[in-house]
Structure formats: C-alpha cells, structure tokens
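Asks: After the structure tokens below, expect a handful of questions from me.
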Amino acid sequence: MVKRLAEKLILAIETSCDETAAAIIAEGKIILSNIVSSQVDFHRKFGGVVPEIASRKHVELINPVIAEACSQARVALKDLTALVVTLGPGLMGALLVGLAAAKSLSYATGLPLIGVNHLEGHIYANFLEHTDLKPPFISLVVSGGHTCLIYMEDHGRYELLGETLDDAAGEAFDKIAGFLKLGYPGGPIIDDLSKQGDPRAIKFPRAMLKTEDYDFSLSGLKTAVLNHVTRLKERGEEIPLPDLCASFQAAIIDVQIHKTLRAAKERGVDKVVLGGGVAANSSLRERFRQEMEKVGMRLFYPSIPLCTDNAAMIACAGYYRWLKGERISLDANVDPNLPLCGG
Amino acid sequence: MLALAFDTATDACTVAIGTEDKLYGEFTMYAPRAHMERLIPMVDYLLKQSDFSIGDIRGLTVGLGPGSFTGVRIGVATAKILAQALNLPLVGISTLDCLAYPFTFGEELVCVVLDAKRGEVYSAIYRCLGGKFDLITPYQVMPPRDLCSKLKEYKQRVILVGDALYPYGDLLKNSLGSSVDFAPPWLWFPKASNLIALAMDKLLGGEGKEIFQVVPIYVRLSEAEGKVGRAPTCRGRAGPPNGRAGREGKFFPWKPLKSPG
C-alpha cells in the first residue's frame, strides 16, 4: 500500500437503491476508486427495483465492494481521513445496510462519520469533474427516483424549488419501456431508439409547462403515450417506435428546460447543473446544451458513469460537509424521505 | 478468547462480551425498530463498562435470524464490517438456536417460535440431552395451526419459547393443552450470551474466516420472488413502500400505466 499521508482521503458508501457502491477520493475531487456493483440483472425480471431483493444483495456485496474500493485506490483503512454515507432519500431497507456498514467501520477505525443526502450527491458529481464550478446555480436532478429543481446558493445551502408530483423521469422511462416491452432499465433503450426518431412526430402534452410553480407531472404524458399506442394497435397500424420514443422524450425535456431556465432567470444565476441517471440521456444533454447556449448560460453535467448512482459523488458531497466540521453520531438513523435543506 | 456477540433479528437488541469460561457483560433491550440507533452505542457502552475496547475483541458472533428481514440485516452488516475492518473471525448462529440454548440441560423437546408476521411463525424443534441439542426439523415458516399439528405428532412434552407466544400463545395452549409448557416470558427474546456459548468452539477451532460468505437466514423468499410475474416494484419518489424498519415484506403495489388524468 502506498502511504498518502499528506492527502485528505474520504471513503464513501452508497446503498440507497439497487447499486452497492463504495469509493475513495482524495482532496475532495481526485477519484482513486469508484466501485459500483449493479444489481440490475436481479431486478430485470420484475421490471423494476424490488426493495427486499436490493436489501438482500447489499448485505452480500457491501464487504467485497469496500475491499475493492480500498484495493483499487491502494489505500488502507488506517490511512483514511473520514467516512461518508448516504442517509436518504431512498429505500429504507437498502439505506439501513449502508448506514450499518458505515457506522461499524467508523466504530472499528475511530474515523469521523459524515452523512449526506443522495440528491446532494448527484449535484456534487459535477464538482468532481468541473473544478471551476462554484455555487450559486440552479440544479436539475433527474433519476429513477427523483425529478427535482434545486437552487444551490452555496455548499450545503439548498432550496428545493420544485419536484415531480407523481412519477420521476426515470420511472416514466421504465414504465413506458415496460409497456412497449422494450426491456429494463428503460432510459438507455428509449434514448437509443430516439436517435432515429423525429421528436416532433407525435404531439404529446407538455404537462405543467405554463404553471407558475417549478413542479413537474409525468402521469398525464404516460397516459397519453399509452392511449396513442392503444389507438394505433386498434387500427392495426404499426407502432413507430423511434418517433414515439423521441416524441415522448421531447415532451419531458421541453418542460424541464423551460422550468430550469425560468428558475435560473428568477434567481439571477448564469449556471445550470444537471445530475442523476436521466442526465445521462443524450437528447437531454444535447437539448440543454443548445438552449443554454442560446441564452448565454453555462451548463454543467457529469460524465455518464458519474450520472448514475455511485459513491464518488457521495464522497465529494461529504468532503464539503467534513470541511465544515459536520459529523453524525453512532445513534444516527436513515430517513427514506430525507429532505434536501440546510442553509 | 474474548468474543463480542449481538442479535437484532427480533424486537430485542442484545449485546454480550465473554470468553469461553466467563460472561463479562450482557445488555439486552426491548427496542422494536430501533436497532439502527441502539446497536453500536450498546456495544460501546458494554465495552466501556467492562473496561475493554473494541481492539481487545478476538472473535465475533452474530444472530443470523430468521426474524425481521430489516432487523437481521442491521446486525449481520454491522458484524461483517467489524470483522473486515478489525480482521476478526465471524461465526453466524441461528437466532432460533440462540433461543433454544438455555434448555439444553433438560431432557425434553424444545420448540422455538418467532413471530414471522403475516399470520405465520418461524420455528425449529430441538431434542435436548445433557447439555447438547439436536435440531430435528429444518428452520421453517408456517401458520401456527400447522405447527400445532406437527407438535402433536411427537406425543411428548414440548417446551415452547419465543416471541410468537405473545400473539399465538392462547392458540397454541388451547390446541396442545397439557402436552406443552411455555418457558417464562423473559426467555422469549434472544440473549447474546447464548451466541457466545454456541459459537465459541467454532471460533477456537479456527472457523469464521470466510466473512464474505456470512448471510442472514431468511427462510422466506422475498415476496416478489414468491410470485414472479406479479412484480411489485418500487422506484417512485415517495421512497420506500413500507416506510419503517421491521415492517418488511409489504411492497408497493404495481401501479398500472392507466393512471387517472
């Protein structure tokens, strides 16, 4: 093992959904290891994440994932500076395995333990790669479990401006893909199909585009897609999958761009930051890039491996909390609905 | 060998420190759904009060269940990471064995019954003789009425013990009558000292090195695996379907795509 005495080394554990993940970062930004053991194969036959199966897999995978994170980073536990863990939001049983592991590691090593919010982690994935990024900015976090518009004033200071009132973006992708029998997870499949499709082919509703708030709703869009497909089937027509997927995606993205821009203008910021698994969607990235360029705003998004759930982003968020002296105690608990607040 | 033991598979949170010939301390609390908050602070308190530190521990043992899925995972994950971080051997022991242990010095049948919720009990039957016991059934889950039928087949006095006697004690007593005796209620929850007693020979014999292989005993499949096809999944923003630890097994109902709107 190489001694890295001069460096601040953070080990983070993330188990909020179906990825068992551990990572070690140095100085809050250099990724030494970023291990993600995906359980997607175990959940595929159910068409979504089964909480009990996710929790069972976490107990089996957590030890080897932490061991691999240390070994790839060539760091021994005794060389670490602090430990970070996701406290929520997420699946109760899944979060509990991560926190039990993190507390146990903290107790065994005497290292300080820091708790972070999973959504905060998705935002901080950007700080790992864009060293020039500084708050304040508007962040859109879009994933399988979340669609949130957040104003981040400074490190650790957030204001949740709006969120989805029903389905998260990634959830809508999964459900549409499931309905069309395209496979699971739906996001990458629909993204691929869309590349050959025309986003203006079918006019799907842009829910809540004109509302004054910053909330989103996707259930109406989902029903519209479903009705459209049912009508085509009844008429015996072929379903134009690429056009359908591209139009469905465009309906989601249009509203997201519109509300993100309006929030940025209202808050007087010139930076927009994307995060979460759906931020890996190629059309979403491209459309945001074009629209932000038009109005002269800077856009940041993580590279694709850092968009999906990982522990490096949790380590990064924890690093900034560690700098402020924040710690959690050994009687801490998880919160499946942990609010993103503070400031 | 100084060993640390704990079990979180039931509503009790129990921690003990001891060697092959002495129990240094034991701390058991009725703490439903509070294992995450209590476990490490209880370990820490017990170590401090008995003038040990975590670095003095040379072996670990943990209750593997069956019991609350969530509860047992807290104990098992904690034990596995402690073992990895401190490079200690870890021996897993069934929570049912742990509950049967105090009766091994009799000459009776002992049936351990734990509340498995959803109208069922986890159970195992042991034949005790002079300080040893034989497990004569698998660890299993069944409705209490089915257990009554099984126990009647033995035509022998049976001692019943375990937290399922709270909800199903009357039912079992009415069905089995004088052929069963209930253990006193303060033995109905596991005590970690029994884990040390059961694991010590294995720890001294060099077992417990394969810590990655230690997994809970669930007995039940997850509900989704039990009925593949009607897939209950959860990926919504509302967080978990069941909300609280200890109320496992209830999944988000699969929302059909035809939502209103």
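Asks: Net charge near residue A:132, counting Lys/Arg +1 and Asp/Glu -1 over other residues with Cβ under 12 Å of its Cβ?
Replies: Local net charge: +3.
Asks: Hey, another quick one. Quick one: accessible surface of residue B:91, probe radius 1.4 Å, all protein chains present, in square angstrom to the nearest 10.
Replies: 10
Asks: Could you sort B:24, B:45, A:319 by accessible area so the largest value comes first, with the probe set to 1.4 Å?
Replies: Result of the area sort, largest leading: B:45, B:24, A:319.
Asks: Return a whole-number percent for the relative contact order of the stretch A:135-302, with Cα pairs under 8 Å and 6 or more residues apart as the contact set.
Replies: It rounds to 27 percent for the stretch A:135-302.
Asks: On to the next question. Which value, in Å² and to the nearest 10, is the accessible area of residue A:304 when all protein chains are kept and the probe is 1.4 Å?
Replies: 90
Asks: Kindly give the semi-axes, whole Å and largest first, of the ellipsoid equivalent to chain A, taking each as the square root of 5 times a Cα gyration tensor eigenvalue.
Replies: 36, 23, 16
Asks: Let me ask something additional. What share of the DSSP beta bridges in the protein assembly as shown is antiparallel, in percent to the nearest 5?
Replies: DSSP beta bridges in the protein assembly as shown are roughly 60 percent antiparallel.
Asks: For chain A, list the DSSP H helices whose alpha carbon atoms reach 27 Å or more along the long axis and whose average Kyte-Doolittle value is -0.5 or above?
Replies: Membrane-span-like by this rule: A:51-73, A:241-267.
Asks: Output the relative contact order of chain A, whole-number percent, from Cα pairs under 8 angstrom with separation of 6+ residues.
Replies: Once divided by the residue count of chain A, the mean separation gives 25 percent.
Asks: In whole Å, what is the distance between the alpha-carbon centres of the stretch B:168-204 and the stretch A:190-253?
Replies: 59
Asks: Quick one: net charge of residue A:208's neighbours, Cβ under 15 Å, K/R +1, D/E -1?
Replies: Summing Lys and Arg as +1 and Asp and Glu as -1 gives -2.
Asks: List the relative contact order of chain B as a percent without decimals, with contacts defined as Cα pairs under 8 Å and 6+ residues apart.
Replies: 22
Asks: Can you give the % of DSSP beta bridges in chain A that are antiparallel, to the nearest 5?
Replies: So the antiparallel bridges in chain A amount to around 60 percent.
Asks: Moving to a separate point now. Which aspartates and glutamates, on any chain, are close to residue B:191 with Cα under 13 Å apart, when same-chain ones fewer than 8 places away are left out?
Replies: Output for residue B:191: B:7, B:11, B:26, B:97, B:163.
Asks: Give me Rg/Rg_expected for the stretch A:188-270, where Rg uses Cα atoms only and Rg_expected = 2.2 N^0.38 Å with N residues.
Replies: 1.26
Asks: Additional query: Can you give me the Cα centroid spacing of the stretch B:57-120 and the stretch A:275-327 in angstrom?
Replies: 42
Asks: Take chain A, mark every one of the GluC sites (Glu not before Pro) that falls in a DSSP loop and has at most 14 other Cβ within 10 Å, then report the longest stretch left between them, sites excluded.
Replies: Between exposed loop sites, the widest span is A:28-211.
Asks: Sticking with this one: Largest first, what is the accessible-area ranking of A:86, A:131 with a 1.4 Å probe?
Replies: A:131, A:86
Asks: Continuing with the same structure: What are the trypsin sites (Lys or Arg not before Pro) within the stretch B:147-204 that DSSP puts in a loop, where the Cβ has at most 15 other Cβ atoms within 10 Å?
Replies: In loop regions of the stretch B:147-204 (DSSP not H, G, I, E or B), the sparsely surrounded trypsin sites (Lys or Arg not before Pro) are B:155, B:157.
Asks: I'd like the accessible area for residue B:42, computed on protein heavy atoms only with a 1.4 Å probe and all protein chains in place. Round to 10 Å², please.
Replies: 10
Asks: Round to a whole angstrom and tell me the spacing of the C-alpha centers of the stretch A:29-75 and the stretch B:15-48.
Replies: With the stretch A:29-75 and the stretch B:15-48 each reduced to a Cα centre, they are spaced 29 Å.
Asks: Checking the cross-link filter: which lysines have an alpha carbon closer than 18 Å to that of residue A:265, excluding same-chain neighbours under 8 positions apart?
Replies: Residue A:265 reaches A:134, A:210, A:294.
Asks: Would you work out the Kirkwood radius for the protein assembly as shown? I mean one over the mean of 1/r across all pairs of different Cα atoms, in Å.
Replies: 25.8
Asks: On a straight-distance basis, which lysines could pair with residue A:181 in a cross-link, Cα separation under 30 angstrom, same-chain partners fewer than 8 positions away excluded?
Replies: Filter leaves A:45, A:57, A:195, A:203, A:222, A:233, B:227, B:250, B:255, B:258.
Asks: Can you tally the net charge around residue A:149? Count Lys and Arg as +1, Asp and Glu as -1, for every other residue whose Cβ sits under 9 Å from the Cβ of residue A:149.
Replies: -1
Asks: Let me ask something additional. Quick one: how many lysine pairs does the stretch B:97-187 have with C-alpha atoms less than 21 Å apart and a gap of 8 or more or different chains? Give me the count, please.
Replies: For the stretch B:97-187, the number of qualifying lysine pairs is 5.
The values are calculated or read from the model by the stated rules, or taken from the named source; none is laboratory data. What you are looking at is a predicted structure, and each value in this text was computed from that prediction instead of being measured. When we count neighbours, we look across all protein chains shown, and the Cβ atoms used for this are built from the backbone with ideal geometry, even at glycine. Accessible surface is based on the protein model in full, side chains and every heavy atom, while ligands, DNA and RNA are left aside. Shrake-Rupley method; radii C 1.70, N 1.55, O 1.52, S 1.80 Å.
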